[in-house]
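So the structure is just underneath, and the comments pick up after that.
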Amino acid sequence: MERVLLMVFGPALLGLVAALAVWLIARPRSSRPAVSGAVRWSTLAGVLLASGIVLAQLLLGTTLVGFPLRSPTALMMTSFTAPLIAGLIAVVLLMVPVVRRSGDGTAELHRRTLTSFGSRWWFLTLAGAVLLVVLATVWPGLASVPDDQGRYTMYWIDMGPGSSMGSTIYGWYFSRPSLALVVLLVVAGLVVVWLISRPPLAPDREHDVAVRRWRTRNVLAMATGALLLHLARVVDSLAGTASIYGQTQTDQGLFTTRTPFAALEGPLRVAADILEAGAWLLWFTVLLIAVTRSARTRDDGAVRSSWRSASS
């Protein structure tokens, strides 16, 4: 049982260890502005809820806990969609609070955009994750064929006259709902980033900018992590498809046939673990920083007033 749990939760544990290392290394160097209680608790709630959903799905998908009333196809669908649903919930929670500044904000000569409080590298990373998801979706989708119920979930190989072999694959049946969730996740993330950047700056401009940058980074990290978790499930599924083989009897003896991409099984397994560990690294880093982020307790009356008006 311990071996099964280690195989299932190993990447998450590796991501946690890496996040702790990053947090310890970056902590002395980073300036961490205090945040309001609403911002801090919404961040914690988003990360914890998303992590709980994914970890619960991982546990329920093992052989230790089963769903006798659910089909393997339903379990596969849940495996692919759970990270995206979790990421979408987290991003929506990270939107809280929606700040509405009063008229005493700081005027800005430059127009605020989506990238005003977020590094372009974060947006490029998000775009790269989306591109990888699309590439990992189109190829198996084109290779998939209908099963006996007309759903594109199968991959078949002709082994000769009257003989063939097949297995499930991440085909159009699984990828279409996932792609819809990917679109919702990305759109929601960009909308939340826009809502964070939209209000006028508070009188304490430096602090307000630092908080907005932190919140924007959290949103992009959670969205990117959800995409990487989903991609890890897809890649691991493709590794399973690559591992299938069939045998048929010929005049020359027993003939074994494998998939054309059988040699990719090992690299795909490793890539899936790396992607999953990287996703947990992003999520756990957001969690650790939110846990250690101090509440805003400055004595500056004007600053306190601005935060009270922001929460009203």
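Restricting the stretch 193-204 to residues that are at pLDDT 80 or above and open to solvent by 30 Å² or more (accessible area, probe 1.4 Å), the residue that is farthest from ILE289 (Cα to Cα) is ARG198. Quick check: anything in the stretch 182-205 farther than 22 Å from GLY225 by Cα and free of Cβ contacts under 8 Å to residues at least 60 places away in the same chain? No: zero hits.
In the set THR250, THR241, only one residue is open to solvent by less than 20 Å² (accessible area, probe 1.4 Å) and either modelled with pLDDT under 90 or more than 20 Å from the chain's Cα centre (by Cα) (or both); that residue is THR241. Residues that are surrounded by fewer than 18 Cβ atoms within 10 Å (Cβ to Cβ) and on the phi > 0 side of the Ramachandran plot do not occur anywhere in the stretch 176-186. Out of all the residues in the stretch 151-174, is one or more open to solvent by less than 20 Å² (accessible area, probe 1.4 Å), under 30 Å from ALA45 (Cβ atoms) and not in a strand (DSSP E or B)? Looking for residues that are open to solvent by less than 20 Å² (accessible area, probe 1.4 Å), under 30 Å from ALA45 (Cβ atoms) and not in a strand (DSSP E or B), one finds at least one in the stretch 151-174, hence yes. Looking at the structure I just gave you, is ALA223 farther than 14 Å from ALA50 by Cα and modelled with pLDDT of 95 or more? Criteria not met by ALA223.
Answer yes or no: is there a residue in the stretch 75-94 that is open to solvent by less than 30 Å² (accessible area, probe 1.4 Å), modelled with pLDDT under 95 and more than 25 Å from the chain's Cα centre (by Cα). The answer is no; no qualifying residue exists.
The values are calculated or read from the model by the stated rules, or taken from the named source; none is laboratory data. Only a predicted model underlies this, so the values are computations on that prediction, with no experimental measurement involved. Methodologically, a virtual Cβ is constructed for each residue, glycine included, from the backbone with ideal geometry; neighbour enumeration extends over all protein chains shown. Each accessible area value is taken on the protein alone, full model and side chains, heavy atoms only, with ligands, DNA and RNA left out. Shrake-Rupley method; radii C 1.70, N 1.55, O 1.52, S 1.80 Å.
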